[in-house]
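Trainee: Right, I'll just put the structure down here and ask away after.
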Amino acid sequence: MKTFDVEQFNKNKINNRYTYISKDSTKVEQSTWQFGYEETITKQNDFFQVYNKYFKDGTLKVTGEFFPDDFLKGVWKEYDEQGNLVKETDYDAPYKFTWENVLELIKKREIDMNHEQFQVNRSFGFGTENIGKETEKPFWAVTYGVNGREKLNVIIIDGVNGSIIKKYLEDYPAGGDYDDE
């Protein structure tokens, strides 16, 4: 089981944070939280980051992958203080139309994933087939900007069969205010 090197962190931390780049160019950002430590691992050229949360003694509490600021991916595992697995949550299970399928659609449509407004989210309950009638169907939402255009493009994709539920344009956030700022 993975553990947190508390001694190494305490030796190198500045303002309760420690960031370093490993030999394989992986960026590791570590910090403290109320009951222990946490770290985010970013591998070069990978769409996903790994998140680990640890108890104060360095024992792993939670681990999983996420698409930065947008959605949790795969199986997330939670452990007790003795290191026993107590819970697994498979965030991909309802999505038969997978991340890889969405990525293929993004590439086929030549969507710029580096654009500042690019986002991929996934959720439930987007009642688009019958406006006003909520469904419990999983869906993907791809939001992206195109340079020179004043609107954002949004594509809503059925999370089970991959059909396009809806495409529309929406205004940029007012005054440049973004949720992640």
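Trainee: Going by the structure shown, is residue 60 in contact with a strand residue (DSSP E or B) (Cβ under 8 Å, 6 or more places away or on another chain), more than 21 Å from residue 121 (Cα to Cα) and open to solvent by 80 Å² or more (accessible area, probe 1.4 Å)?
Mentor: Working: in contact with a strand residue (DSSP E or B) (Cβ under 8 Å, 6 or more places away or on another chain): yes; more than 21 Å from residue 121 (Cα to Cα): yes; open to solvent by 80 Å² or more (accessible area, probe 1.4 Å): no.
Here the answer is no, as residue 60 does not meet what is asked.
Trainee: Would you mind telling me which numbered condition in (1) under 17 Å from residue 69 (Cα atoms); (2) modelled with pLDDT under 75 residue 148 fails?
Mentor: Result: residue 148 passes all but (1).
Trainee: Separate question: Can you list the strands (runs of 3 or more DSSP E) found entirely within region 1-86 that contain at least 3 residues being modelled with pLDDT of 95 or more and of a type in the set (S, T, N, Q)? I'd like the intermediate steps shown before the answer.
Mentor: Working: elements: 17-21, 27-33, 36-42, 49-55, 60-67, 71-79.
Those strands (runs of 3 or more DSSP E) span 27-33.
Trainee: Let me ask something else. I'd like to check something: does region 107-115 contain any residue that is under 22 Å from the mean Cα position of the chain (by Cα), within 14 Å of residue 70 (Cβ to Cβ), at pLDDT 85 or above and of a type in the set (D, E, K, R)?
Mentor: No, because not a single residue in region 107-115 is under 22 Å from the mean Cα position of the chain (by Cα), within 14 Å of residue 70 (Cβ to Cβ), at pLDDT 85 or above and of a type in the set (D, E, K, R).
Trainee: Further question: Inspect region 19-33 for any residue being β-branched (Val, Ile, Thr) and open to solvent by 60 Å² or more (accessible area, probe 1.4 Å) and give the result as yes or no. Steps first, answer last, please.
Mentor: Start the filter on region 19-33 by keeping residues that are β-branched (Val, Ile, Thr), which leaves 19, 21, 26, 28, 32.
Now narrow it down to the ones that are open to solvent by 60 Å² or more (accessible area, probe 1.4 Å): 19, 21.
Yes; the residues of region 19-33 include at least one that is β-branched (Val, Ile, Thr) and open to solvent by 60 Å² or more (accessible area, probe 1.4 Å).
Trainee: A follow-up question, please. Just checking, which of 59, 19, 42 is β-branched (Val, Ile, Thr) and more than 27 Å from residue 85 (Cα to Cα)?
Mentor: Working: 59 fails: more than 27 Å from residue 85 (Cα to Cα); 42 fails: more than 27 Å from residue 85 (Cα to Cα).
When all the criteria are applied, what remains is 19.
Trainee: Would you confirm whether or not region 64-85 contains a residue that is surrounded by 13 or more Cβ atoms within 10 Å (Cβ to Cβ), closer than 15 Å to residue 30 by Cα and in contact (Cβ under 8 Å) with a residue 40 or more places away in the chain?
Mentor: So far as region 64-85 goes, no, none of its residues is surrounded by 13 or more Cβ atoms within 10 Å (Cβ to Cβ), closer than 15 Å to residue 30 by Cα and in contact (Cβ under 8 Å) with a residue 40 or more places away in the chain.
The values are calculated or read from the model by the stated rules, or taken from the named source; none is laboratory data. All values reported here derive from a predicted model rather than from experimental measurement. Please note: Cβ atoms are built from the backbone with ideal geometry, for glycine as well, and neighbour counts cover all protein chains shown. All accessible areas refer to the heavy atoms of the entire protein, side chains included, with ligands and DNA or RNA removed. Shrake-Rupley method; radii C 1.70, N 1.55, O 1.52, S 1.80 Å.
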